[in-house]
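Undergrad: The structure is given below, and queries will be raised subsequently.
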Amino acid sequence: MNRYALWKYIVIGVALLFGVIYTVPNFFGEAPAVQVSSQKATVKVDPATRRAVADQLPAIRDALTIACTDGKWSTQVRNCMVSAGDHLALQACQQHLTDEQRRALDRAQAGETTSH
C-alpha cells in the first residue's frame, strides 16, 4: 500500500479547507443592503421641524385611509403599508398597487376628492 508523509496529508487538508471556505459564499445569494446615513453628521432636527412634520402626519394618515378604502387595496398591500418602516419600504409597497390605485393615492395625498 502506498503511504505518504503526514505533512502531505496536512497540506491537502489545508488546501481543501481554504477551498471550502472560499466556496461557501456562493451558496448564499446576493442580499443587497442599503445604508442610510446623513450627509452631515452635525445636522440636527430642531423642534420646529419636528412639530411641522408631526402636524402633517394626521393628514397623511387620513389620505392613506381614504385611498385604501376607496381603492379596495389588497390585504397584501395593506399589510405591507402597515409594516413599512421607512420611505423606501412604502415605495416598495406602492409597486403592488394598480395604476388606478396609485392615481387615487396621489389624488388623496394632494387633497383632491375622488369621483365615483
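Values quoted throughout were computed directly from the atomic coordinates according to the rules given, and no laboratory measurement underlies them. Being a predicted model, the structure only gives us computed values, none of them experimental. All Cβ positions, glycine included, derive from the backbone under ideal geometry; neighbour counts span all protein chains shown.
Undergrad: Work out, step by step, the length gained on full extension between ASP99 and ALA15: first 0.36 nm times the residue separation, then minus their alpha carbon distance; give nm to one decimal.
TA: 24.6 nm is the gain from fully extending ASP99 to ALA15.
Undergrad: In sequence order, what are the phi-derived ³J(HN,Hα) couplings for region 67-77 according to the Karplus relation 6.51 cos²θ - 1.76 cosθ + 1.60 with θ = phi - 60°, rounded to whole Hz, with x for glycine and proline?
TA: Going residue by residue, I get 5, 5, 5, 5, x, 6, 5, 6, 4, 4, 5 Hz, with x marking Gly and Pro.
Undergrad: Report the full-extension gain for the segment GLN76 to ALA5: residue separation times 0.36 nm, less the Cα-Cα distance, to one decimal in nm.
TA: Working: separation 71, 0.36 × 71 = 25.56 nm, distance 6.33 nm.
Result for the pair: 19.2 nm of gain on full extension.
Undergrad: Mind giving me the nanometre distance, one decimal, between the label points for LEU57 and GLN91, set 7 Å out from Cα along Cα→Cβ?
TA: Simple spin-label model gives 2.3 nm for this pair.
Undergrad: Can I ask one more? What translational D, rounded to a whole number of µm²/s, comes out for region 49-116 from Stokes-Einstein when the hydrodynamic radius is the Kirkwood one over Cα pairs, at 4 °C and 1.567 mPa s?
TA: Using the Kirkwood radius from Cα pairs, D works out to 104 µm²/s.
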